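One structure is given here, and the rest of the page talks about it.
The values are calculated or read from the model by the stated rules, or taken from the named source; none is laboratory data. This is a predicted model, so every value here is computed, not measured. Cβ: placed from backbone, ideal geometry, glycine included. Neighbour counts: every protein chain shown.
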Amino acid sequence: MAAAGASSWSFEERDFTRIDRLLQGFLYDSNARCALLVDRTGQLVTTAGEKPDFDTTAFASLAAADFSANDQLATMIGENEFSSLFHQGEKESMYLADVARRVILVVLFDNRTTLGMIRIKVKGVVRELAEIFREMFDRSATAPQGSRFEAGFADEAEDEIDRLFGDL
Amino acid sequence: MSMINYASREINCKIVYYGPGLCGKTTNLEYVYEKVAPNTRGKLISLATETERTLFFDFLPVDLGAIRGFKTRFHLYTVPGQVYYNASRKLILKGVDGVVFVADSQVERLDANIESMHNLYENLGEYGLDLREIPFVIQYNKRDLPNTSALGELEAQLNPGKVPHYEAVATRGIGVFDTLKAVSKLVIKSLS
């Protein structure tokens, strides 16, 4: 796992701005409805485009599991990975693509565009996203270790845990 | 491997419930789902077989609310306990921040507990993680059954590192939140 990047990583405002701009451009060019970035561990990083009307947290955990399961299938048949997956629906389809082995780009699209168009445009955006994520992982890996939160965070969080789970 | 998103000011932590088949991992999550306020939890997702055995995982997000401006959330996962689902089990451990081992206290399940614990060490090892270094608690479940091993014996067999342990009857909710509280506090400590 170490090869895939830092063991823990953080996401800052400037990263968000760059990623959002890229995704917006991609959606405009490809005519897709919505793009979601999901961490391989199942956490949602960000979304762009039409606001999804489903539970994005659950979606992210399932998308990551889907991708990981397919990765294992790839290994079994002698491939290093399946770098992209496509799920076709009657009206809505989704295309999933690997970004720097740590993040998954999920694109939701309908019949306003075509799979071919999505495929072409995804290639470009994945390349640029991979650059940004590599920079982020390198930064996390070389950042000085120490507390990433202001003092009192742990105490306050513990109080909140007691309050939330206390009398149940 | 918690993800800290400074842009949206969010922290997400992953806690995995591990243990042999039918030890009560899903029951733990179901009880948490039932008891926490609906506005603090998301949907409980279960990828299970028709006979309600976990096939891939159960997933439940629980919101702690905003702590010092950071929206803090725990993602609770279970793994499939049955031995032959190891490939799926390993996938779920990816990026784990804290582990709960749910042991089945029944005498006849002792070997299954030990095997599952070994499997946990092994699978974490493949991600370069050592159970002795990450937030970890053990729950001895099914303490209400007549044929349980003595706590001392379970401790001797399963808990050489003396991590925090809790007795539980997950079907009635006993010990479920003590366990969750303990592991989530350890995870928060490891973050800060």
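Just so you know, in region A:154-168 the residues that are more than 7 Å from chain B (Cβ to nearest Cβ) and part of a loop (DSSP other than H, G, I, E, B) include one that is modelled with the lowest pLDDT, and it is A:Asp167. Scanning region A:37-63 for residues that are assigned to a helix (DSSP H, G or I) and facing chain B (nearest Cβ under 8 Å) yields a total of 4.
Looking only at region B:166-186, residues that are more than 12 Å from the chain's Cα centre (by Cα), within 9 Å of chain A (Cβ to nearest Cβ) and touching a residue at least 60 places away in the same chain (Cβ under 8 Å) come to 1 in all.
Among the residues examined, B:Phe57 qualifies as at the interface with chain A (Cβ under 9 Å from one of its Cβ atoms) and crowded, with 24+ Cβ neighbours inside 10 Å.
Exactly one residue among B:Ile67, B:Ile92 is among the aliphatic types (A, V, I, L, M), surrounded by 16 or more Cβ atoms within 10 Å (Cβ to Cβ), in contact with a Pro (Cβ under 9 Å, 6 or more places away or on another chain) and within 9 Å of chain A (Cβ to nearest Cβ), and that residue is B:Ile92. Counting only residues that are touching a strand residue (DSSP E or B) at 6+ places or on another chain (Cβ under 7 Å), in a loop (DSSP other than H, G, I, E, B) and more than 11 Å from chain A (Cβ to nearest Cβ), region B:41-54 holds 1 of them. Look at region B:1-29: where a residue is among the charged types (D, E, K, R) and a partner is surrounded by fewer than 22 Cβ atoms within 10 Å (Cβ to Cβ) and in a loop (DSSP other than H, G, I, E, B), sitting 6+ places away or on another chain with Cβ atoms under 6 Å, you get B:Arg9/B:Gly69.
Output the residues belonging to region B:1-22 that are among the basic types (Lys, Arg) and more than 9 Å from every other protein chain (Cβ to nearest Cβ). Hit for region B:1-22 is B:Arg9, nothing else.
So which residues in region A:16-36 are more than 11 Å from chain B (Cβ to nearest Cβ) and surrounded by fewer than 23 Cβ atoms within 10 Å (Cβ to Cβ)? A:Arg21, A:Leu22, A:Gln24, A:Gly25, A:Leu27, A:Tyr28, A:Asp29, A:Asn31, A:Arg33, A:Cys34, listed by residue number.
With respect to the conditions (1) crowded, with 22+ Cβ neighbours inside 10 Å; (2) touching a Phe, Trp or Tyr at 6+ places or on another chain (Cβ under 8 Å); (3) touching a residue at least 40 places away in the same chain (Cβ under 8 Å); (4) within 7 Å of chain A (Cβ to nearest Cβ), B:Thr72 falls short on a single one, namely (2). When A:Ala151 is tested against (1) away from chain B (no Cβ under 12 Å); (2) small (Gly, Ala, Ser); (3) not in a helix (DSSP H, G or I), just one condition goes unmet, and that condition is (1). In region A:116-134, the residues that are touching a residue at least 12 places away in the same chain (Cβ under 8 Å) reach residues that are in a helix (DSSP H, G or I) and of a type in the set (Gly, Ala, Ser) with C-beta atoms within less than 7 angstrom, at least six apart or across chains, in these pairs: A:Met117/A:Ser30; A:Ile118/A:Ser30; A:Lys121/A:Ser30. Within region B:87-108, none of the residues are without any contact (Cβ under 8 Å) to a residue 12 or more places away in the chain and out of contact with any helix residue (DSSP H, G or I) (no Cβ under 6 Å at 6 or more places or on another chain).
Name the residue, out of B:Val163, B:Val137, that is modelled with pLDDT of 95 or more and away from chain A (no Cβ under 14 Å). The unique qualifying residue is B:Val163. Restrict the check to region B:99-118 and report whether at least one residue is charged (D, E, K, R) and either within 9 Å of chain A (Cβ to nearest Cβ) or within 18 Å of B:Val176 (Cα to Cα) (or both). Yes; the residues of region B:99-118 include at least one that is charged (D, E, K, R) and either within 9 Å of chain A (Cβ to nearest Cβ) or within 18 Å of B:Val176 (Cα to Cα) (or both).
Within region B:23-40, the set of residues being more than 9 Å from chain A (Cβ to nearest Cβ), at pLDDT below 95 and not in a helix (DSSP H, G or I) is empty. The single condition among (1) under 28 Å from B:Gly42 (Cβ atoms); (2) touching an Asp or Glu at 6+ places or on another chain (Cβ under 9 Å); (3) among the β-branched types (Val, Ile, Thr) that B:Val83 does not meet is (1).
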